[in-house]
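Contents: one structure, followed by commentary.
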Amino acid sequence: MMEVPSTSWRATPWSPAEARAEAPLAARWRARPGLVRHGFTHFELELTVFTATVAGEGPSDGLWWPIERLGEQALPTVMKKLVEHALKPG
């Protein structure tokens with residue numbers, strides 16, 4: 001299954017500076033208001049979503065997929081929630 005770029009999951013929240021340092025490319029990353037919450041059988045996950053607008057190609061590592069074609073990919077439910085949150089207006 002596919003996933004969006006992210007930090008590793010840990011019990012201690014990432015600071016915004018730590019999260020930006022893990023970003024897949026240099027850009028003006030901004031935290032989206034609110035959190036994405038997802039429950040697993042043995043823990044609850046809360047995620048802050050950072051977005052940026054960039055021009056050109058993505059980094060050479062990984063698979064970068066056009067937003068308008070994301071429906072073609074098998075995304076886990078938590079990743080679908082992240083994408084939905086990231087694409088909300090505002």
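A few notes on this one:
- Consider the range 59-90 and keep the residues that are closer than 25 Å to Pro16 by Cα and polar (S, T, N, Q). The one that is farthest from the chain's Cα centre (by Cα) is Ser60.
- In the range 7-28, the residues that are over 18 Å from Ala52 (Cα atoms) and β-branched (Val, Ile, Thr): Thr12
- Residues of the range 3-58 satisfying the condition of being assigned to a loop (DSSP other than H, G, I, E, B), surrounded by 13 or more Cβ atoms within 10 Å (Cβ to Cβ), under 13 Å from the mean Cα position of the chain (by Cα) and small (Gly, Ala, Ser): Ser6, Ala23, Ala52
- For the range 59-73, a residue qualifies if it is acidic (Asp, Glu) and in a helix (DSSP H, G or I), and the qualifying residues are Glu68, Glu72.
- Members of the range 67-90 found to be of a type outside the set (Lys, Arg) and surrounded by 15 or more Cβ atoms within 10 Å (Cβ to Cβ), listed by number: Leu70, Leu75, Val78, Met79, Leu82, Val83, His85
- Positions within the range 1-30 being among the hydrophobic types (A, V, I, L, M, F, W, C) and closer than 16 Å to Lys81 by Cβ, in sequence order: Met1, Met2, Val4, Trp9
We did not get these values from a lab; they are worked out from the coordinates using the rules stated. Bear in mind the structure is a predicted one, so any value in this text is a computation, not a measurement. A quick note on method: Cβ atoms are made from the backbone with ideal geometry, for glycine too, and the neighbour counts reach across all protein chains shown.
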